[in-house]
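Undergrad: Below is the structure I would like to discuss, written out as structure tokens.
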Amino acid sequence: MASSAPIPFNEKDRLARVTEMCVMAQESDAELDALVSMVSQRFSMPICLISIVSARQQWFKAKVGVDSDSTSRDVSFCAHTILGDAPLEITDATLDSRFTANPLVTGTPGIRYYCGAPLITEDGFAIGSLCLIDTVPRPAMSQQDLAALVGFAALAMKMLTGIRLRNFLDQPTGLWNRVRLEYDVANHLAQKGDFVLLAVDIMPVKTLNDIVKALGYNYAHDLTLRVKSLIVGELGSGIQLYKISPTRFGIILPGTVDIRRVCGELVQALLPPVECHGIPVSLDAGIGVLPVSSNGSHDLEWLRWVVNAAEDARHSARRWSYYDPEVDATQRRAFLLLSSLSQALASPDQFRLAFQPRIDLASGECRSAEALLRWRHPELGDISPAEFIPLAEKTALITDISLWVMASVVRYLKQCPVRDLVVSMNVTARDLESCAFIDRLLEELATHGVDPTRIELEFTESVLIEHPEVVDQQLQRARRVGISVAIDDFGTGYSNWAYLSRIPAAVVKLDKTLIQKIFASEKDALLVRTLIDLAGELGYRVAAEGIETVEVLEQVKAWGCAEAQGFYLARPMAVSDFERWHRAQVP
Ligand code: C2E
Ligand code: MG
Ligand code: MG
């Protein structure tokens, strides 16, 4: 008959205590290890264990004399010890009907003698035992020894409590940490209470890193303590503050609290520069607010939600904001797209190129085409590059995407049936912030024997450029070997005339949003006209993007545009369609 362990009457609550007490259960602890080896020596027993009895197993938080880390609960002696609050002693297991057939008795380690003292929490639950085991029968312990074992068990329990507290503590600030916040939130939810969770993000991580770099860890530490006391001062006593990441504090407030007032006061407290060692530091705080109701299903998402809300709040005038599910949905999608991109790059059929013709207005010929990336996600379907490129640009993935596009363009040009066709591809500032991209481009061109003049790089100036001088150098390198450079989306965003003189471009592409407004707004018409004139005078070929009607086409032509691209002329097309289209153009 299979053995089975007895179940204490208070098992459900007992198991809850096991979970609470044994945070990070699998980690061994040097102090507990030292305790069991000391106890084993004191009693001259080969085996001593701190055994925690969980739902199906007993596992050894500390051990001496056995190799395994756990056994099934069914064979556990300690599962019997936890039934009472006094030690359980078995002088010869082979003579005890509960254990005669136990595999730990009949097999390894061959238990004959067992004595375990229960490990009892402050509120009276036995979570396991401190036990001594021998492989030979032994006489019963003296009362004095039993008392000593009970004392050691109490000590082990104290140490377990200490470890638990340590796991809950943010050492530098002395506050409870994220693990403890999670634990407390779970408790609030279990007690069916409504409450409000706040995340106070005191500054962007990059700012903190800069402070560490400039002023050292000690300074950053002291600054954090200053901010902690500011927040504590505002909250008053009785409200627990948590430190949940290097730049974030967490707060649990009762559901009845006046959020507007509390957040308003916190924001005011964190607004003036914080003086630390005589240096005033301006924080850049944001407060996220998440009302939590025990009726909702939150899991651990609440932490991510409230932290994101804090981040958003930093960019709002009020500097505190409620968690917004819409923002969250956007972020989820962004995350999903970004996490699918690597796979898309490796997959043979998720990415492809479309080609959109650009027309030379003087001759009416198509001499170049823009390669535009297309992505068909296996579940989400077609994703616009206007959505995924800006996301990828914030990560290192953009480099791989650009390399993919570049290699595809060069391979296409190698066997392109359209004579002398120039293919322009979009590059981002990030691609040009090191020499790697142009190195690879030159390599590919040489390998495939493609003339560099068949390639054009469309570049958009962006605020993201950290090293404009490197970007300029890379564009110049491209120009020197005959690769053409175009400034894309000119007239909007970050583009300005200052960099027209700096960037070695031959072509300026006027942004489609401007072109599309020339008949709707006189101001835009004047702007486009001026841009065409000035760029022309500076020696650039001007191309107009987003031509959707014949009227707009005629107008930009009359204003002196050299080239045009747009749905009216031709849409972006798959390679074969583009080639067919091109053949149809030639008389
Ligand atoms: P862009 O480089 O300015 O490309 C032109 C965009 O305008 C393309 O959108 C094109 O389909 C669209 N377009 C062309 N003619 C018309 C028109 O007459 N009316 C309207 N409404 N739109 C027109 P698409 O393909 O969705 O690409 C959007 C942006 O994504 C591109 O703007 C470019 O910035 C980026 N992108 C596309 N492919 C790549 C790529 O391979 N690498 C990088 N880094 N960016 C890319
Ligand atoms: Mg472009
Ligand atoms: Mg453009």
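Undergrad: Subtract the Cα-Cα distance of V327 and E551 from 0.36 nm times their separation in residues, and report this length gain in nm to one decimal.
TA: Working: separation 224, 0.36 × 224 = 80.64 nm, distance 4.00 nm.
Length gained between V327 and E551: 76.6 nm.
Undergrad: With charges set only on the Cβ (+1 for Lys and Arg, -1 for Asp and Glu), what does the dipole of the chain come to about its Cα centre, in debye to the nearest 20?
TA: On the way: 57 positive and 73 negative charges, 87 e Å.
So the dipole magnitude of the chain works out to roughly 420 debye.
Undergrad: Assuming a ≥ b ≥ c are the square roots of the Cα gyration tensor eigenvalues, decide whether the stretch 441-587 counts as rounded (a/c under 1.5), prolate (otherwise, with a/b larger than b/c) or oblate.
TA: Numbers: a/c = 2.09, a/b = 1.14, b/c = 1.84.
Verdict is oblate for the stretch 441-587.
Undergrad: Something else: Farthest toward the dipole's positive end in the chain, which of L538, A117, S484, given Cβ charges of +1 (Lys, Arg) and -1 (Asp, Glu) about the Cα centre?
TA: Of L538, A117, S484, it is A117.
Undergrad: On C-alpha positions alone, give me the angle between the axis of helix 259-270 and the longest principal axis of the chain, in degrees, nearest 10.
TA: 80 degrees
Undergrad: State the Cα centre-to-centre distance between the stretch 538-553 and the stretch 318-350 in whole Å.
TA: 35 Å
Undergrad: Can you give me the distance in nm between label points at T447 and L95, each placed 7 Å from the Cα along the Cα-to-Cβ direction?
TA: 8.2 nm
Undergrad: Still on this model: Testing the spin-label approximation: label points 7 Å from Cα along Cα→Cβ at S347 and A584. State their distance in nm.
TA: So the label points at S347 and A584 sit 3.1 nm apart.
Undergrad: Which of the three applies to the chain, rounded, prolate or oblate, going by the alpha-carbon gyration tensor with a ≥ b ≥ c and a/c under 1.5 meaning rounded? It would help to have the intermediate numbers written out before the result.
TA: Values: a/c = 3.27, a/b = 2.25, b/c = 1.45.
Cα axes put the chain in the prolate bin.
Undergrad: Can you give the FRET efficiency for N218 and R502, using 1/(1 + (r/R0)^6), R0 = 45 Å, r = Cβ-Cβ distance, to the nearest 0.05? Please report the intermediate quantities before stating the final value.
TA: Numbers: r = 42 Å, r/R0 = 0.94.
According to the calculation, E is roughly 0.60.
Undergrad: Excluding K414 itself, calculate the net charge of residues whose Cβ lies under 15 Å from the Cβ of K414, where each Lys or Arg counts +1 and each Asp or Glu counts -1. Walk me through the numbers on the way to the answer.
TA: Working: positive: R411, R419, R454; negative: D420, E443, E444, D451, E579.
Around K414, the charge tally is -2.
Undergrad: Next question. For a quick check of your reading of the filter: which trypsin sites (Lys or Arg not before Pro) in the stretch 39-121 sit in a DSSP loop and have no more than 16 other Cβ atoms within 10 Å?
TA: For trypsin sites (Lys or Arg not before Pro) across the stretch 39-121 that sit outside H, G, I, E and B with at most 16 neighbouring Cβ atoms in 10 Å, the list reads R56, R98.
Undergrad: Of all beta bridges DSSP finds with both residues in the stretch 175-328, what is the antiparallel percent, to the nearest 5?
TA: Numbers: 21 of 26 bridges.
So the antiparallel bridges amount to about 80 percent of the total.
Undergrad: Give the residue from C78, S68, S97 lying farthest towards the positive end of the charge dipole for the stretch 50-110; charges sit on Cβ (+1 for Lys and Arg, -1 for Asp and Glu) and the dipole is referred to the Cα centre.
TA: In the stretch 50-110, that residue is S68.
Undergrad: May I ask what percent, to the nearest 5, of DSSP beta bridges between residues of the chain are antiparallel?
TA: Working: 66 of 93 bridges.
In the chain, approximately 70 percent of DSSP beta bridges are antiparallel ones.
Undergrad: Let me ask you something else. For the stretch 265-341, with the dipole built from +1 on Lys and Arg beta-carbon atoms and -1 on Asp and Glu ones, taken about the Cα centre, which of L290, H315, Q331 lies farthest toward the positive end?
TA: The listed residue farthest towards the positive side: Q331.
Undergrad: Based on the alpha-carbon gyration tensor of the stretch 1-151 and its eigenvalue square roots a ≥ b ≥ c, which shape applies: rounded if a/c is under 1.5, prolate if not and a/b is larger than b/c, or oblate?
TA: Details: a/c = 1.37, a/b = 1.14, b/c = 1.20.
Taking the square roots of the gyration eigenvalues as a ≥ b ≥ c, the stretch 1-151 is rounded.
Undergrad: Next question, about the same structure. Taking 7 Å along the Cα-to-C-beta vector as the label spot, tell me the E301-E537 distance in nanometres, rounded to one decimal.
TA: If labels sit at E301 and E537, their model points lie 5.8 nm apart.
Undergrad: For a 30 Å ceiling on Cα separation, which of these pairs sit above it: K158/K243; K213/K394; K206/K509?
TA: Details: K158/K243 25 Å; K213/K394 23 Å; K206/K509 35 Å.
Long pairs (Cα-Cα over 30 Å): K206/K509.
Undergrad: Now for a different question. Taking 0.36 nm per intervening residue step and subtracting the Cα-Cα distance, what contour gain separates V136 from S229 on full extension? Intermediate values should be presented prior to the final figure.
TA: Working: separation 93, 0.36 × 93 = 33.48 nm, distance 6.03 nm.
Between V136 and S229, full extension yields 27.5 nm more.
Undergrad: Follow-up. Angle between the Cα long axis of helix 205-215 and the longest principal axis of the chain, 0 to 90 degrees, nearest 10?
TA: Once rounded, the angle reads 80 degrees.
Undergrad: Helix 178-190 versus the longest principal axis of the chain: what angle, 0 to 90°, nearest 10, using Cα atoms?
TA: 70 degrees
Undergrad: Can you pull out the GluC sites (Glu not before Pro) in the stretch 1-98 that DSSP calls coil and that have at most 12 other Cβ atoms within 10 Å?
TA: Numbers: sites: E11, E20, E27, E31, E89; in loops: E27.
Counting only loop positions with at most 12 other Cβ atoms within 10 Å, the GluC sites (Glu not before Pro) in the stretch 1-98 are E27.
Undergrad: Say a paramagnetic label sat at a point 7 Å from the Cα of F567, along Cα to Cβ; which residues of the stretch 505-543 have their backbone N under 18 Å from it?
TA: Correct set: 511-520.
Undergrad: Could you calculate the FRET efficiency of E265 with D74 from 1/(1 + (r/R0)^6), where r is the beta carbon distance between them and R0 is 51 Å, rounded to 0.05?
TA: Details: r = 57 Å, r/R0 = 1.12.
The calculated FRET efficiency here is 0.35.
Undergrad: Would you please name the chymotrypsin sites (Phe, Trp or Tyr not before Pro) within the stretch 53-115 that are DSSP coil residues with at most 16 other C-beta atoms within 10 Å of their C-beta?
TA: none
Undergrad: Under 14 Å from a point 7 Å along the Cα-to-Cβ line of I7: which residues of the stretch 56-79 have their amide N that close?
TA: Those under the cut-off are 56-57, 73-74.
Undergrad: Compute the signed sum of charges (Lys and Arg +1, Asp and Glu -1) over the other residues within less than 12 Å, Cβ to Cβ, of T224. If you can, show how the numbers build up before the last one.
TA: Working: positive: R226, K228, K243, R248; negative: D170, D222.
For residues surrounding T224, the net value is +2.
No value in this document is a laboratory result; all are computed from the given coordinates. These figures come from a predicted structure and were not determined experimentally. When we count neighbours, we look across all protein chains shown, and the Cβ atoms used for this are built from the backbone with ideal geometry, even at glycine.
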